[in-house]
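Participant: The structure under discussion is supplied below as structure tokens; questions concerning it will follow.
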Amino acid sequence: IEPTVQPGNGIEYTVYVANPGSGAASNVVLCDQIPAGTTFDPNGYGVGTGIQAIAPSSPAGPLVTYTNANDGDPGRFIAPGAALPAFCGVNQGNGAVVVN
């Protein structure tokens, strides 16, 4: 039996993306809305860096961290209640992480 998540516990989860096509995918943008009942940790991987990814390359590159701000790196956090880009789908109101 898995333990129950308690308030204040950290949850780390992974989003997998695959390209089933025969060619390279370019200009890929991922929108991951924060699940209901949870909050985004803006400092999960260091001060101001709450987003971690695998650098794009083949074979897969090393782990990289991105700031939460819309500041030129590939990741950003959109706060709860803020408008989301249309490609995120119906806004669930709990914020989202967007990675280009």
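The values are calculated or read from the model by the stated rules, or taken from the named source; none is laboratory data. None of the values given here were measured: they were computed from a predicted structure. Cβ sites come from the backbone with ideal geometry, for glycine too, and all protein chains shown count toward neighbours. SASA here: full protein model, heavy atoms, side chains in, ligands and nucleic acids out. Shrake-Rupley method; radii C 1.70, N 1.55, O 1.52, S 1.80 Å.
Participant: Return the residue satisfying two criteria in turn: it lies in segment 76-91 and is more than 15 Å from residue 30 (Cα to Cα) and at pLDDT 95 or above, and of such residues it is surrounded by the fewest Cβ atoms within 10 Å (Cβ to Cβ).
Facilitator: Taking the candidates together, the pick is 83.
Participant: Okay, next question. Show the residue pairs that are 6+ apart or on different chains and have beta-carbon atoms under 8 Å apart, the first residue being within segment 73-97 and within 18 Å of residue 12 (Cα to Cα), the second being acidic (Asp, Glu) and open to solvent by 30 Å² or more (accessible area, probe 1.4 Å).
Facilitator: Note: pairs meeting the criteria are 96/32; 97/32.
Participant: If you don't mind, another one. Please verify whether residue 36 is free of Cβ contacts under 8 Å to residues at least 12 places away in the same chain, hydrophobic (A, V, I, L, M, F, W, C), over 15 Å from residue 100 (Cβ atoms) and exposed (fewer than 11 other Cβ atoms within 10 Å of the Cβ), treating the condition exactly as stated.
Facilitator: Judged against the criteria, residue 36 is not a match.
Participant: Can you tell me which of (1) without any contact (Cβ under 8 Å) to a residue 24 or more places away in the chain; (2) exposed (fewer than 10 other Cβ atoms within 10 Å of the Cβ); (3) in contact with an Asp or Glu (Cβ under 9 Å, 6 or more places away or on another chain) is the one residue 67 doesn't meet?
Facilitator: (2)
Participant: Just checking, which of 39, 4 is modelled with pLDDT of 90 or more and of a type outside the set (Gly, Ala, Ser)? Break it down into steps so the answer makes sense when it comes.
Facilitator: Working: 4 fails: modelled with pLDDT of 90 or more.
Just one listed residue meets the conditions, 39.
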